[in-house]
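*Asks:* Let me begin by handing over the structure; questions about it come next.
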Protein chains: 2
Amino acid sequence: MTHPKSSRVAVIGLGIMGLPMAVNLLKAGFEVVGYNRTRAKAERLAEAGGQAAGSVADAVRGSDVVITVLPDSPDVAVTATGAEGVFANAEPDLIFVDMSTIAPATAIEVAEAGRIAGVRVLDAPVSGGEKGAIDGTLSIMVGGHPDDVEAAGPYLSAMGTVVHVGASGSGQTVKAANQLLTAGIIELVAEAVVFLEAYGVDAETAFKALGGGLAGSAVLERRAPDMLTRQFRPGFKASLHHKDLGIMMAAARDAGVIVPLGAVVTQLMASLVAQGNGNLDNTALLKLIEQLSGRAR
Amino acid sequence: MTHPKSSRVAVIGLGIMGLPMAVNLLKAGFEVVGYNRTRAKAERLAEAGGQAAGSVADAVRGSDVVITVLPDSPDVAVTATGAEGVFANAEPDLIFVDMSTIAPATAIEVAEAGRIAGVRVLDAPVSGGEKGAIDGTLSIMVGGHPDDVEAAGPYLSAMGTVVHVGASGSGQTVKAANQLLTAGIIELVAEAVVFLEAYGVDAETAFKALGGGLAGSAVLERRAPDMLTRQFRPGFKASLHHKDLGIMMAAARDAGVIVPLGAVVTQLMASLVAQGNGNLDNTALLKLIEQLSGRAR
C-alpha cells in the first residue's frame, strides 16, 4: 500500500463506527481530520493523533479524500450537497466515500450530484460492526466507477476488505440485501430456539446436529450461543437494524420486488423497537418470539 | 464397529432414501432384508446382495433391528403398531428405528406403544438428502433412550453421523427445526437474488462480498450457485419440503409456539407446490418470488 505522505483524509461522523475507522486511517499513516456535530468526539480523534475540525467545510478543504459515516440518508444528502457541505468545499479531483448505510436511491443521487460538481463519489457501506471497525476487518461493499474504487483502495484497505460490487448505489443495494439476510436468519434461529425449547430439546445439542448441514449459518455459529443464554448486549442494536430494514423495504418497494420474509422480519424488528428494546442486540428478536408464544422470561 | 455376524437388519421403505441406506448397511457387513410395497424396489436390494421380503412381517421376523424409511406419520404409525406390523412380529429386544420425517407427536406415540410391546424405539430422521444417503454421510438426529442409541450405533453409523439429541420425539423435533431453518434461508436468499438483480447488481459478486460475514450460510455457499443459473433439479423436492413444513407448523401450533417466518415460508412452499412445481428443487422458491415480483422468466 503506497500513498503520498501528504494524503489528507477527512472523516465526517465520529460515532461508534466512524471514530475507530478514522483511528485506523491514522494508524495506516494518513493525516486525518475529523468532524462531528458533538465536538467532544472530534477531540477524541485529536487525542489519537488526528485533528479536530470545527466545521464540515474546514474538514473538507485541503483533504484528498472525504469519508462520511453518518446515521441516515438525509444526513448524507445534506452533508454532501448542502451549501456548507462537501461538494461546495471540495478540492479538485476529490474522492468522496460515503460509508454510511443509506438508501440506494440517495446514493445514486449523491453520485450524480458529485459528477456535476467534479467530485468522484463512491458508496461504500460496511458490515462487521463495532468490532470490525476497531480491528480494521470490516467488509466494505463498494459501488462506483472502477478507477475511483482503485484510487480509494489504499484508504479503504486501512479499514477492512474491499469488494467492488458494481456501479453507484450497488454498495448500498448489497448492504440492504445483507441486512435482509442477517435479520431473517436471526429471526429463523429465534423461532427454532423457542420451538426446540418448548419440546424440551436442548437447543445447543440440536444446533450441533444441524450446524454442519444445509441449516448452518454464520448466525447459528456466532450469535446463537449468546441467544441461548439470553445475552442481548449489542453487538448491532435492534434500532439500527430497524432503520436498515426500512431502507431495504423502501428499496424493494421502489423496484417492485416482493420480499415476504423481509416484510415480516421488518415488522418484528419494528415491534422490538416499539416495545423499548431498540438498545438491545438485534438477536433480541428471540425475546419477541418468546413473548408472542407466551413464554416471556 | 463390532457386531455379531448374525445381525440381521430389516429396512422397510426402499425409496430414494431407503434403498441406498439399506445398501450401505449391506456394505457394512450386515445381513439386510428389505420390504417395499412396490416389490420391484425390494428386488433392487436383492441384486445388491440383500433379501427381498414379501411382507412387513416376513422382514421383521428374525431381524435384530428394524428400520423404517417411509413417507409420512400415518405410514409409520400403521407399519409400527398395525396388526400386521413391526411390533406384532417383533423378536424379543428388537430395536426399531424410524428414520422417516414425521410428526414429533407420532414419534412419541410410537415409542410409547413400543415400550408396551417390549420394543426399543428410536426416532432418527436424517438430513443430507439422496447424496448423503448414497455416500453414507447423512446427519442422523436421534431421539430415545441413551442405551438404545448406543445399541443402534453400529447400524446407524453405516449410514451417517449420529447425534443423540434427547428423549423420544427429539429427533423429529430437531428435524422440524432443520426444515424451518433451511426453507427460511432458501427463501431469504431467493428474496435477496431478486432484489439485487432488480437493481442490476451481479448477485454472485454480491454474495462473495456478503458470504464471509454474518449473512453467510450453507445455503448461500452450496445452493445459491444453482439458484443464480436457475437450475432447479432436485436435490430436495419442494413437495417433500412442503410436507415437512406442514409437520413443523402443526408441531409449533401444538406447543403454542409462534413462528412468523416459518408460517410465511410454509405458505410460499405450498404455493410453489400448488402451481405444479412440487417436483422442482426447494430452491425454486426463487421462481415464486420472481413471479410475485412480475419478473417471471
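The values are calculated or read from the model by the stated rules, or taken from the named source; none is laboratory data. These figures come from a predicted structure and were not determined experimentally. Virtual Cβ from ideal backbone geometry, glycine too; neighbours counted across all protein chains shown. To get the accessible areas, we keep the full protein, side chains included, count just its heavy atoms, and leave off ligands, DNA and RNA. Shrake-Rupley method; radii C 1.70, N 1.55, O 1.52, S 1.80 Å.
*Asks:* Would the stretch A:209-216 turn up any residue that is within 13 Å of B:Val163 (Cα to Cα), facing chain B (nearest Cβ under 7 Å) and either buried (at least 22 other Cβ atoms within 10 Å of the Cβ) or in contact (Cβ under 8 Å) with a residue 24 or more places away in the chain (or both)?
*Replies:* Scanning the stretch A:209-216 turns up at least one residue that is within 13 Å of B:Val163 (Cα to Cα), facing chain B (nearest Cβ under 7 Å) and either buried (at least 22 other Cβ atoms within 10 Å of the Cβ) or in contact (Cβ under 8 Å) with a residue 24 or more places away in the chain (or both).
*Asks:* Sticking with this structure for a sec: Here are some residues: A:Gly49, A:Gly29, A:Gly34. Which one is more than 15 Å from A:Ile95 (Cβ to Cβ), small (Gly, Ala, Ser), surrounded by 24 or more Cβ atoms within 10 Å (Cβ to Cβ) and over 18 Å from the mean Cα position of the chain (by Cα)?
*Replies:* A:Gly34
*Asks:* I would also like to ask the following. Could you identify the single residue in B:Gly62, B:Gly85 that is assigned by TED's automatic domain parsing to the domain that holds B:Val9, surrounded by fewer than 17 Cβ atoms within 10 Å (Cβ to Cβ), out of contact with any His (no Cβ under 8 Å at 6 or more places or on another chain) and part of a loop (DSSP other than H, G, I, E, B)?
*Replies:* B:Gly62
*Asks:* Now a separate question. Taking the conditions exactly as written (more than 7 Å from every other protein chain (Cβ to nearest Cβ), assigned to a helix (DSSP H, G or I), in contact (Cβ under 8 Å) with a residue 12 or more places away in the chain and under 16 Å from the mean Cα position of the chain (by Cα)), does A:Ala177 satisfy them or not? It would help to see each step written out before you state the result.
*Replies:* Details: more than 7 Å from every other protein chain (Cβ to nearest Cβ): no; assigned to a helix (DSSP H, G or I): yes; in contact (Cβ under 8 Å) with a residue 12 or more places away in the chain: yes; under 16 Å from the mean Cα position of the chain (by Cα): yes.
It is false that A:Ala177 is more than 7 Å from every other protein chain (Cβ to nearest Cβ), assigned to a helix (DSSP H, G or I), in contact (Cβ under 8 Å) with a residue 12 or more places away in the chain and under 16 Å from the mean Cα position of the chain (by Cα).
*Asks:* Looking only at the stretch A:217-232, which residues are among the aliphatic types (A, V, I, L, M) and either open to solvent by less than 30 Å² (accessible area, probe 1.4 Å) or in the same structural domain as A:Asp123 (by TED's automatic domain parsing) (or both)?
*Replies:* The initial filter retains those residues of the stretch A:217-232 that are among the aliphatic types (A, V, I, L, M), namely A:218-220, A:224, A:227-228.
A:Ala218, A:Val219, A:Leu220, A:Ala224, A:Met227 - these are the residues of the stretch A:217-232 that are among the aliphatic types (A, V, I, L, M) and either open to solvent by less than 30 Å² (accessible area, probe 1.4 Å) or in the same structural domain as A:Asp123 (by TED's automatic domain parsing) (or both).
Let's see how each residue does on (1) at pLDDT 95 or above; (2) at the interface with chain B (Cβ under 7 Å from one of its Cβ atoms); (3) under 22 Å from B:Ala215 (Cβ atoms); (4) buried (at least 21 other Cβ atoms within 10 Å of the Cβ):
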| residue | (1), (2), (3), (4) |
| --- | --- |
| A:Val149 | yes, no, yes, yes |
| A:Met159 | yes, no, yes, yes |
| A:Ala183 | yes, no, yes, yes |
| A:Leu196 | yes, yes, no, yes |
| A:Glu204 | yes, no, no, no |
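*Asks:* Moving on. So is B:Glu130 surrounded by fewer than 18 Cβ atoms within 10 Å (Cβ to Cβ) and either at pLDDT below 95 or under 21 Å from B:Asp64 (Cβ atoms) (or both) or not?
*Replies:* It is true that B:Glu130 is surrounded by fewer than 18 Cβ atoms within 10 Å (Cβ to Cβ) and either at pLDDT below 95 or under 21 Å from B:Asp64 (Cβ atoms) (or both).
*Asks:* Name, by its number, the condition in (1) farther than 24 Å from A:Ala183 by Cβ; (2) away from every other protein chain (no Cβ under 14 Å); (3) without any contact (Cβ under 8 Å) to a residue 60 or more places away in the chain; (4) out of contact with any Gly (no Cβ under 6 Å at 6 or more places or on another chain) that does not hold for B:Ala238.
*Replies:* Of the numbered conditions (1) farther than 24 Å from A:Ala183 by Cβ; (2) away from every other protein chain (no Cβ under 14 Å); (3) without any contact (Cβ under 8 Å) to a residue 60 or more places away in the chain; (4) out of contact with any Gly (no Cβ under 6 Å at 6 or more places or on another chain), the odd one out for B:Ala238 is (4).
*Asks:* Let me ask something additional. Keeping to the stretch B:133-147, report how many residues are among the aliphatic types (A, V, I, L, M) and open to solvent by 30 Å² or more (accessible area, probe 1.4 Å).
*Replies:* Residues in the stretch B:133-147 being among the aliphatic types (A, V, I, L, M) and open to solvent by 30 Å² or more (accessible area, probe 1.4 Å): 1 in total.
*Asks:* Only one of (1) open to solvent by 40 Å² or more (accessible area, probe 1.4 Å); (2) within 8 Å of another protein chain (Cβ to nearest Cβ) fails for B:Leu268. Which number is that?
*Replies:* Here B:Leu268 meets the rest and fails (1).
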